[in-house]
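Here the structure is laid out as structure tokens; the discussion comes afterwards.
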Amino acid sequence: MLLALLLAPFAAAGETQYLVDSAAGPIALEIRGDGTMRLRLSSPTDLETSTRALDALLAQAFPYGRLPMGRMSIDVGRIIEHPWLSQLLAAAASRSSRWDAVLGVPSTGNDNLVVMQLIDDDKLLAAWVPIFGRFGAAIRNTSVEKVLVGRVGETAALQPLAQDPREFGKRLPFDAILWLRLEPRTSW
């Protein structure tokens, strides 16, 4: 639960920073001079907390309720900092024919592309769609880099999947650096 809004906005070196405090610690939204945004968490954060924080931060940064027109991007940071997203990604990879869970690699293509497709096609960010929508934007696609793969039963981030014997031993993606490309919503 968000406790209080802090120091909004805080400017440094061509960048404006908006902050909220939460039970997980401070959460910041940085907006760089080129318009790119960066979400920064101080510790792993659950879905409810990150969703509320993102909504509050966008409200601070865009008090008139609209993101600037044109394309924007937001660096969400590492997926593992959003354990809910890490779990959704691993579960989607486990079910997908795009991912070889025995070898821990994509069936075809590269790991960045396949993880991006899993996030987009499986709508893993559905909880954030209404938030961006309130500010006149839509997530058009994701971009990932530096995918990390772990083994269910050995990797702490994949521990919730280890409860299912069918998942035990699978090698699944659970982390990457995540970017979202935002565009103006075309329909209301």
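Computed from backbone phi, the HN-Hα couplings of the range 20-33 come to 10, 9, 9, 4, 8, x, x, 10, 10, 10, 9, 10, 7, x Hz, rounded to whole numbers (Karplus: 6.51 cos²θ - 1.76 cosθ + 1.60, θ = phi - 60°; Gly and Pro given as x). Taking a ≥ b ≥ c as the square roots of the eigenvalues of the Cα gyration tensor, the range 1-149 is classed as prolate, since a/c reaches at least 1.5 and a/b is larger than b/c. The modelled label-to-label distance for the pair residue 138/residue 168, using points 7 Å beyond Cα in the direction of Cβ, is 4.5 nm. Note: relative contact order over the chain, using C-alpha pairs below 8 Å and six or more positions apart, is 21 percent. Note on residue 186 and residue 120: the model spin-label points, each 7 Å out from Cα along the C-beta direction, lie 1.4 nm apart. Residues whose amide H lies under 5 Å from that of residue 175, counting only those 5 or more places away or on a different chain, are 148; hydrogens are built 1.01 Å from N in the peptide plane. Extending 7 Å from the Cα toward the beta-carbon at both residue 46 and residue 127 defines two label points whose distance is 0.9 nm.
Protection proxy ranking, highest mean first, for peptides 140-152, 98-110: 140-152, 98-110, where packing is the per-residue count of other beta-carbon atoms within 10 Å, averaged.
The DSSP beta bridges internal to the chain are antiparallel in roughly 95% of cases. Shape of the range 70-119 from the C-alpha gyration tensor: oblate (a/c of 1.5 or more and a/b not above b/c, with a ≥ b ≥ c the square roots of its eigenvalues).
Taken together, the values in this text are just the output of simple stated rules run on the coordinates, not laboratory data. Computed from a prediction, not measured in an experiment: that's the story for all the values here. FYI the Cβ positions are ideal-geometry reconstructions off the backbone, even for glycines, and counts take in every protein chain you see.
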